[in-house]
Every structure is written in structure tokens, then in C-alpha cells.
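Please read the structure below before turning to the comments.
Just so you know, all these numbers are worked out from the coordinates, no wet-lab data involved. Just so it is clear, the model here is predicted, and its values are computed rather than measured. Here the Cβ positions follow ideal geometry from the backbone for every residue, glycine too, while neighbour counts run over all protein chains shown.
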Amino acid sequence: MSVPKSYTSVKDEMSQIAKLATPVAIWSLGLMLMGFVDVLCVARLEDSAQLAAVSLGHIYSFSVIVFGQGVLRGLDPFMSQAHGAGEKLALAEHLWRALLYALVLTVPICIFHWFASPLLTLVNQPESVVPITASYCNALIWGIFPSMIFVALGQFFQNLGKVMLPMLAILVANVVNLVVDMMLVLGFEPFSIPALGATGCGHATSAVRWVMCAVLMVFGWATLREYKLTDFKKVFSWRENVRVLAKGLPIGAQSCFEGWAFSVLALMMGWLGAVELAAHAVVINLVAMTYMVPAGIGAAAATRVGHLIGLGSKMWSRSAWISVGFSVAWMSLMGVFLWVFRSPIANYYASEDAVYLAIVGLLPVAAAFQVFDGVQVTIFGALRGAGDTQFPALLNMIAYWAVGLPVGYLLGVYYGLGSVALWGSVAAALMMISVFVVFRLLWLERRGVERV
């Protein structure tokens with residue numbers, strides 16, 4: 001097992017962060033691309049109900065699965081710090097614990113997918129779309145388990161610094177996804193496969209998740225073999241699992257508070273009208289793409305900070321601030337891009353004047369919070385690597401659910417100030433989060449951190 005160095009120059013540290021962050025960003029963008037291909041294939045059916053069902057199904061499935069993924073990311077500080085300290089046995093225990101959690105979390109996630117129909121009806125979704133969406137979510141069920149295993153293994157390899165492995169698996173999965181999507185969604189006469197529409201899209205996603213998991217295991221088998229475990233007592237130990245979940249559950253909650261906030265934002269944009277919702281769909285996809293780079297940098301920060309803390313190095317905070325610098329530079333460029341090219345961007349996406357104007361109105365808001373968004377996701381990663389998980393969860397809960405969404409509803413919906421006021425309120429919550437996490441990181445830097 002190769003143990004990270006405890007001290008590097010600033011230049012070397014920047015190189016370390018870049019090597020970790022780039023594959024993770026590509027990995028994240030690859031996951032987004034698969035969703036984009038799903039929508040494109042279903043759009044070719046020229047059936048608005050099918051397209052709406054896949055879009056709604058994506059939102060519903062993400063809202064359900066995000067908690068489980070967050071809990072698995074809660075093992076980051078344990079894995080990265082153990083790797084930094086050269087504790088191979090502890091790493092093996094955490095790997096198997098992650099796989100155990102993936103198995104256990106699969107059960108409730110599958111149950112929520114199975115009962116998609118009554119739950120979507122409960123929140124007043126369109127009657128014409130709910131049955132198709134429920135069929136899509138049901139088709140996703142047999143792919144939940146490999147999806148969770150992929151996250152568990154992906155986090156393990158990331159914390160070893162072997163981020164190329166999940167990235168390669170995602171690239172292979174994208175090729176398979178395109179082929180299987182076209183066959184199941186649009187039909188394939190040579191094999192007598194009928195066009196299954198949204199349901200076919202769900203089955204294609206499940207099939208690709210098995211492929212993705214299998215490819216990662218094949219690519220990473222040589223590494224996984226090094227982490228055999230003969231004594232599983234600690235993996236099932238009540239005390240050990242309480243200790244780990246004390247860090248993991250808050251990350252799951254933090255992920256939910258943020259992910260669900262943007263789902264509710266989409267819901268409120270729908271209350272304003274179809275034009276506003278269409279503009280929201282365009283702009284949220286744009287900012288999601290710009291976000292993937294600092295998200296990758298944040299994951300790199302979690303890994304690198306954990307390595308250094310495991311080594312007992314006090315240079316972990318330098319790595320965190322270098323990561324923040326990378327994110328600020330990228331998001332500054334993206335903010336300028338969205339501001340300067342707001343009109344051409346809107347013109348490219350919009351076929352109606354009203355949608356064009358709505359997109360032009362939202363893009364300056366998106367441009368304004370780019371840097372703040374990059375700062376918060378990167379520092380959240382650094383805090384995760386340091387094992388500080390409860391503060392971020394509490395901060396997300398207060399900023400989004402006590403400030404951003406209520407104020408957005410009052411200004412945008414109740415007082416009728418529209419989509420810009422609604423987006424502006426959520427942007428203000430993001431800015432609030434970024435300021436507080438900067439102070440939190442400074443406080444931890446002065447106080448010092450201990451291993452989890």
C-alpha cells in the first residue's frame with residue numbers, strides 16, 4: 001500500500017489536488033451525461049407524458065437515493081485517514097462496512113421506489129404522468145443494489161487516491177447506456193424489442209448500473225484483493241458502527257437538505273408557470289454542469305485532507321485552502337461566462353420569447369452565486385475529510401429550509417415577485433453557507449483536528 005507524503009511543496013500539493021479532482025469531475029459529469037442521454041432518447045418518442053415521466057422520475061429517484069449516498073460518503077474520513085496512517089487492516093474493515101451499509105440501505109430505497117405511485121399522487125403530481133413515472137421508478141429497482149455498491153467501492157478507491165478506476169467505469173457505462181437506451185426506449189426490430197418508452201429507460205439504467213459495478217470490480221480487483229478480511233467482528237460491532245454512523249448520518253442529512261431544497265425549488269417554479277419552469281430546467285442544468293468541477297475538487301479535498309490528518313500532518317489546512325483557490329478560479333470564469341453570454345445561451349435553448357426572457361433573467365442570479373457555490377462544496381469536502389460532519393448538516397438545514405426556501409416562497413410566490421426573487425433567495429442561502437463554512441474552516445485550523 002502506497003502511503004501519501006506528509007509534506008510537499010505548494011506546487012506539488014496543487015498537482016496532488018488536480019490529479020485527484022480531475023477524474024472525479026469527469027466521473028460526475030459522466031453520471032450527468034447518462035441522464036442527459038436518457039432524456040434525449042425519450043424525447044425522440046415525441047410524447048410529452050413520457051418525457052415528463054422520466055424527468056419527474058429522475059427527481060424522485062435522486063431525492064430517495066441521495067441520503068444513502070451521503071451515508072456512504074460518511075466513511076470518507078475513516079478511509080482517507082486510515083490510508084494516510086498506513087493502517088491497511090482498518091481500511092479493509094471500512095471497505096466491508098461500506099459494502100454492508102450499501103446492502104442495508106438498498107432495502108428502504110427499493111421500498112420508496114416501489115411505492116412511487118401513491119407518494120407522487122400525495123404531492124399532487126399530474127394524473128397522466130404518475131403511472132408512467134411509477135413504472136419508470138419500478139424499473140429502477142433491480143439496479144439500486146449495484147448502484148449503492150458502486151458508490152461504496154468508488155468512495156473506497158477515491159480515498160486510496162485511485163480515482164481513475166471509477167472514472168474508467170463511468171466512461172464504459174456511458175457507451176453501454178447509449179446503446180441500451182436506444183434499444184429499450186425506441187425499440188430494436190432485429191431482436192423484436194418493442195419501444196418501451198420511459199419504462200425501457202428505467203430498465204436500461206438498471207442494466208447499466210450492473211455493468212458499471214462489474215467493470216469497476218474488474219478494473220479494481222487487483223487492489224481489492226489486497227484488502228481481504230478474515231475477522232468481521234469489528235464490521236458488525238455495535239460500538240464501531242455507532243461511531244461511524246455518528247459521522248455518516250449527518251452527511252446523509254446534509255445531502256438531503258441540499259438535494260431536496262433544489263427539488264422544492266423546482267416545484268415552486270412550477271407554481272409560477274410553465275415558462276418559469278422551462279427556464280429553471282435550462283439554468284439548473286447549466287449550473288449543475290459548472291458545479292461538477294468544484295464538486296470534484298471538494299472530493300479531492302476530502303481525500304487529501306484525510307490523508308494528511310492520518311499522517312499527523314498539520315499541513316492539511318493548506319491543502320484545503322489550495323482546493324478552495326482552484327474552485328474560486330474555475331467558478332469565477334463560469335460566473336463571467338454565464339453573465340457575458342446570457343443572451344446567446346438563452347437564444348440557443350429557448351424557442352419562445354417568454355422562455356428566452358425568463359432564462360436571461362435567471363442567468364445573472366446563477367452567475368452571482370457561482371463562486372459561493374464553489375467555495376461551499378469545496379470546504380464541505382475538506383470538513384468531511386477532517387471528520388467534521390454535524391456542523392455542515394445543521395448549516396444546510398438552517399440556510400435552505402429556514403431562510404432560502406421560506407423567503408423565496410414569500411417573495412417569489414406569495415408576493416408575486418417571480419422567478420428571479422425565488423432563485424435570488426436560494427442564492428442568498430448559498431452565499432450564507434459559504435461565509436459560515438469559511439469561518440468554520442478557519443476555526444478548525446486554529447483549534448486543530450484529531451483523527452476520527
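Listed values, structure above:
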{"quantity": "Charge dipole magnitude, Cβ of K and R +1, D and E -1 - segment 22-236, Cα centre, debye nearest 20", "calculated": "720 debye"}
{"quantity": "Under the span-like rule (Cα at least 27 Å along the axis, Kyte-Doolittle mean at least 0.5), DSSP H helices of the chain", "calculated": "10-43, 48-73, 88-114, 164-186, 197-224, 238-272, 274-310, 316-340, 353-385, 419-447"}
{"quantity": "Of 345, 327, 185, farthest towards positive along the dipole that unit charges on Lys, Arg, Asp, Glu beta carbons give the chain", "calculated": "327"}
{"quantity": "Pairs of alpha carbons in segment 35-108 whose separation is greater than 14 Å (percent)", "calculated": "69 percent"}
{"quantity": "CD proxy at 222 nm, helix term only [per DSSP H run n ≥ 4: -39500 (n - 2.57); per residue of the chain; nearest 500]", "calculated": "-28000 deg cm²/dmol"}
{"quantity": "Stretch in the chain that is longest and holds no GluC sites (Glu not before Pro) that DSSP places in a loop and that have at most 15 other beta carbons within 10 Å", "calculated": "128-351"}
{"quantity": "Size of charge dipole - the chain - debye, nearest 20, with Cβ of Lys, Arg +1 and Asp, Glu -1, no other charges", "calculated": "1800 debye"}
{"quantity": "Rg/Rg_globular for segment 334-452, with Rg_globular taken as 2.2 N^0.38 Å and Rg from C-alpha atoms", "calculated": "1.28"}
{"quantity": "Label-zone membership for segment 249-290, site residue 390, 7 angstrom Cα→C-beta point, backbone N under 16 Å", "calculated": "249-254"}
{"quantity": "Loop sites in segment 356-452: chymotrypsin sites (Phe, Trp or Tyr not before Pro), DSSP, at most 11 other Cβ within 10 Å", "calculated": "415"}
{"quantity": "Dimensions in Å of segment 191-344 - Rg and Dmax from alpha carbons", "calculated": "21.8, 63"}
{"quantity": "Overall Cα dimensions of segment 87-215, principal axis frame, Å, largest first", "calculated": "55, 39, 19"}
{"quantity": "Alpha carbon centroid spacing (whole Å) that separates segment 206-240 from segment 66-92", "calculated": "13 Å"}
{"quantity": "Computed FRET value (nearest 0.05) for residue 263 with residue 230, which takes r as the C-beta separation and R₀ as 35 Å", "calculated": "0.20"}
{"quantity": "Using alpha carbons only: equivalent-ellipsoid semi-axes of segment 253-452, gyration tensor based, whole Å", "calculated": "34, 18, 12"}
{"quantity": "Distant alpha-carbon pairs in segment 228-312 (separation over 21 angstrom), percent", "calculated": "58 percent"}
{"quantity": "Eligible lysines near residue 19 by straight Cα distance, threshold 18 Å, same-chain separation 8 or greater", "calculated": "5, 11, 162"}
{"quantity": "Among 83, 120, 21 the positive-end extreme of the charge dipole of segment 15-142 (Cβ point charges)", "calculated": "83"}
{"quantity": "Segment 22-236: projected area of the alpha-carbon convex hull, averaged over directions, in nm²", "calculated": "12.7 nm²"}
{"quantity": "Extent along principal axes [Cα atoms of segment 318-379; Å; largest to smallest]", "calculated": "49, 15, 13"}
{"quantity": "Amide proton proximity set for residue 188, modelled H, under 5 Å, gap of 5+", "calculated": "193"}
{"quantity": "Over the chain: Kirkwood hydrodynamic radius from C-alpha pairwise inverse distances, Å", "calculated": "22.6 Å"}
{"quantity": "Check: segment 158-305 dipole with +1 on Lys, Arg Cβ and -1 on Asp, Glu Cβ, in debye", "calculated": "840 debye"}
{"quantity": "Positive dipole terminus of the chain, leading residue within 151, 174, 279 (C-beta point charges)", "calculated": "151"}
